[in-house]
């Protein structure tokens, strides 16, 4: 296990480029960020935390359109060793959680979340920074200089990711009592642009944001004519240093994650928002088992 973790750290140190960039200063920053992200995940394997997962459907003015659903989990992550032919990343992570409450009420014994419920959150939003050249060529990085984040200085790194193929729309025309319901599902949407804010002293990631390019499509509906629809997605994850006692140790941990899908039609805007609040961190001793890969995971 120690040999494997040492190999992971070696893979995260300078010498492996990260996709496209624009200068030696940025390359140095990315190499240091990569090393800190690797350590971030190695540190997380020794922690447990509470994950308050909330799913909401909102109107365009951010007011509730449906009753939200809130689940609380006791969560950890496990490291997963890649398959023998996977040389693109040092490890994957698998989140695991025990359901504690549903909408404020204790979960029943062996109760599981519904398929439509928010699941235990994955702190894997930084995992792409560990990709090696063979897997990172779709990502672009640019140095945005020194800026401020919540009143503190930070280095900003711009992100881009190439959209190889256009998104796809699958329609579901189902008959209901009063007529047809025209549902749809959009797949193949990728993050196209974003930013990372980095602590200029430690090179720890403080915040990351991604958004997709707007995707517009339309369909002719009986009795309604042509309807134009606009589809967008966005995410934001935040991180903070946290100090533990006995022995004293400061680790950078995730504190929040938010994912939104915005659908704009002629008759209004609907926002689907999922949030995770990570609190009540507990550190435990012992080593983590790296499980064999059964396929791609994040």
In the stretch 203-223, is there at least one residue being in a loop (DSSP other than H, G, I, E, B), under 17 Å from residue 147 (Cα atoms) and modelled with pLDDT of 95 or more?
-> yes
Could you say whether any residue in the stretch 106-113 is more than 26 Å from residue 262 (Cα to Cα), modelled with pLDDT of 95 or more and under 18 Å from the mean Cα position of the chain (by Cα)?
-> no
Within the stretch 86-98, can you find the residues that are within 20 Å of the chain's Cα centre (by Cα) and assigned to a loop (DSSP other than H, G, I, E, B)?
-> 88, 89, 90, 91
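Matching residues to (1) over 20 Å from the mean Cα position of the chain (by Cα); (2) modelled with pLDDT under 95; (3) part of a helix (DSSP H, G or I):
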position	(1), (2), (3)
4	yes, yes, yes
16	yes, yes, no
27	yes, yes, yes
38	no, no, yes
43	no, no, yes
50	no, no, no
54	no, no, no
76	no, no, no
84	yes, yes, no
Test: residue in the stretch 212-228 that is closer than 20 Å to residue 40 by Cα, free of Cβ contacts under 8 Å to residues at least 60 places away in the same chain and either surrounded by 12 or more Cβ atoms within 10 Å (Cβ to Cβ) or over 19 Å from the mean Cα position of the chain (by Cα) (or both) = no
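The values are calculated or read from the model by the stated rules, or taken from the named source; none is laboratory data. On a predicted model such as this, the values are computed, not experimentally measured, just so you know. Don't worry about glycine lacking a Cβ; one is built from the backbone with ideal geometry, like all the others, and counts go over all protein chains shown.
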